[in-house]
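Scroll down for the structure; my scribbles are underneath it.
The values are calculated or read from the model by the stated rules, or taken from the named source; none is laboratory data. Fair warning: this is a prediction, and the values are worked out from it, not measured in the lab. Every residue, glycine as well, gets a Cβ built from its backbone with ideal geometry; the counts of neighbours run over all protein chains shown.
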Amino acid sequence: MAIAAPLTHRLRRNRQTEAIRSLVQETRLYPSDLIHPFFLLEGFEKEPIASMPGVDRLPLPLLLRQAEHLHAQGIPAIALFPAIDKALKTERGDEAWNSDGLIPQAIRSIKRELPSLCIIADVALDPYTSHGHDGIASPKGEILNDETLECLCRMALTLAEAGADFVAPSDMMDGRVGSIRKALDSAGFTKTGILSYSVKYASSLYAPFRDALRSRLAFGDKKTYQMNPANRREALLEAHLDEGEGADILMVKPATLYLDVIAKLREESHKPIAAYHVSGEYAMVMAAHQKGYLNAEKVFHETLLSIKRAGADMIFTYAGPIVLPLL
């Protein structure tokens with residue numbers, strides 16, 4: 001049966017072959033878009049993280065080997081997170097600014113062995129506090145903003161002195177970007193960048209990450225400092241404030257449930273935008289892959305492509321080693 005009128009617009013013409021689809025593809029994902037997070041521990045043996053299949057806590061020698069392998073494949077940066085011994089954790093998290101601590105030592109070693117690799121060092125107290133919160137806690141369990149800023153500055157200075165290219169405050173205390181920028185500049189670290197977790201939601205998707213850090217909350221939750229998942233205007237305000245205080249890169253975390261936030265921030269800011277494809281987003285796909293329900297390689301590639309399409313310039317992800325063969 002003939003159609004009533006000839007079709008003048010046949011979009012399928014641009015989908016006929018792989019060659020044509022490649023020519024008209026709007027968004028592309030490259031290894032240089034990815035940042036690989038590492039969990040570092042003392043010792044010589046790696047420890048598998050049960051809730052994050054394929055991801056391990058690594059001692060420095062193994063971390064160096066994996067970082068070198070990923071860097072050779074085009075991944076330009078890594079992010080470091082410590083899984084420290086419980087005995088080192090205190091109420092104030094004093095180990096966070098120990099210049100001979102796990103992360104500063106690792107930064108110095110990585111910079112010696114892989115000088116072209118960009119190192120992003122997390123700035124938050126939760127891996128170091130006995131109560132598991134990102135800041136100083138009062139006797140009543142309130143997380144104290146201004147008292148925490150002093151500790152974050154000490155931590156940032158320690159990481160900058162060790163050689164970190166970027167310090168990445170993920171604590172969500174008010175004013176921390178400005179305080180850290182002032183502290184870095186006053187100490188002569190004007191070249192050390194700040195990648196701010198500007199928009200960090202109080203998400204249910206962080207549980208595997210906390211397992212990886214061996215971090216547990218002794219009381220309460222993080223809703224008094226991390227953002228309400230229902231809010232988008234507040235996210236733009238947070239990012240605007242961090243930009244004004246001197247942040248060099250703005251972060252949205254998590255990524256896939258907040259693509260609208262990434263897209264809106266991209267419209268409003270000329271700063272580079274990072275997105276964190278978090279542990280829970282990774283773990284869900286891997287669990288489905290192990291059950292045979294999904295193909296992790298394909299799902300991760302599609303997921304990371306969607307994050308970049310939304311406007312992210314760079315993506316923190318544990319799935320880099322899985323998707324690299326597709327890039």
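Here are a few things to note about the model shown:
- Cβ-Cβ contacts under 6 Å between residues 6 or more apart (or on different chains), taken from a first residue in the stretch 212-228 that is in contact (Cβ under 8 Å) with a residue 40 or more places away in the chain to a second residue that is hydroxyl-bearing (Ser, Thr, Tyr) and not in a loop (DSSP other than H, G, I, E, B), are listed as 227/201.
- Residue within the stretch 12-26 that is under 27 Å from residue 197 (Cβ atoms) and not in a loop (DSSP other than H, G, I, E, B) present: no
- One residue stands out in the stretch 146-197 among those that are polar (S, T, N, Q) and in a loop (DSSP other than H, G, I, E, B): the one that is surrounded by the most Cβ atoms within 10 Å (Cβ to Cβ), namely 192.
- Subset of the stretch 198-227 [surrounded by fewer than 16 Cβ atoms within 10 Å (Cβ to Cβ) and over 16 Å from residue 255 (Cβ atoms)]: 207, 216, 217, 218, 219, 220, 221, 223, 224
- Hits in the stretch 105-134 (condition: crowded, with 20+ Cβ neighbours inside 10 Å and either more than 16 Å from residue 210 (Cβ to Cβ) or of a type in the set (A, V, I, L, M) (or both)): 106, 107, 110, 119, 120, 121, 123, 124, 125
- Qualifying residues in the stretch 228-258 (those that are of a type in the set (D, E, K, R) and in contact with a helix residue (DSSP H, G or I) (Cβ under 6 Å, 6 or more places away or on another chain)) - the one surrounded by the most Cβ atoms within 10 Å (Cβ to Cβ): 242
- Test: residue in the stretch 21-31 that is of a type in the set (Gly, Ala, Ser) and more than 21 Å from the chain's Cα centre (by Cα): yes
For (1) outside any strand (DSSP E or B); (2) over 30 Å from residue 189 (Cα atoms); (3) in contact (Cβ under 8 Å) with a residue 12 or more places away in the chain, each residue gets a yes or a no:
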residue	(1), (2), (3)
262	yes, no, yes
287	yes, yes, yes
315	no, no, yes
325	yes, yes, yes
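- Here 40, 29, 58, 63 are screened, and the one residue that is closer than 25 Å to residue 304 by Cα and touching an Asp or Glu at 6+ places or on another chain (Cβ under 9 Å) is 58.
- Taken together, 310, 287, 296, 263 contain a single residue that is touching a His at 6+ places or on another chain (Cβ under 6 Å) and at pLDDT 95 or above, which is 296.
- Residue check: residue 230 meets all listed conditions (1) farther than 20 Å from residue 264 by Cβ; (2) in a loop (DSSP other than H, G, I, E, B); (3) among the small types (Gly, Ala, Ser) but one, namely (1).
- Per-region count, the stretch 261-286, residues over 13 Å from residue 307 (Cβ atoms) and buried (at least 17 other Cβ atoms within 10 Å of the Cβ): 8
- Selection over the stretch 183-199 of residues that are out of contact with any Pro (no Cβ under 9 Å at 6 or more places or on another chain) and in contact (Cβ under 8 Å) with a residue 40 or more places away in the chain gives a count of 3.
- Listed by first and then second residue, the pairs linking a residue in the stretch 97-116 that is over 21 Å from residue 183 (Cα atoms) to a residue that is among the charged types (D, E, K, R), with Cβ atoms under 7 Å apart and 6 or more places separating them unless they lie on different chains, are 102/42; 114/68.
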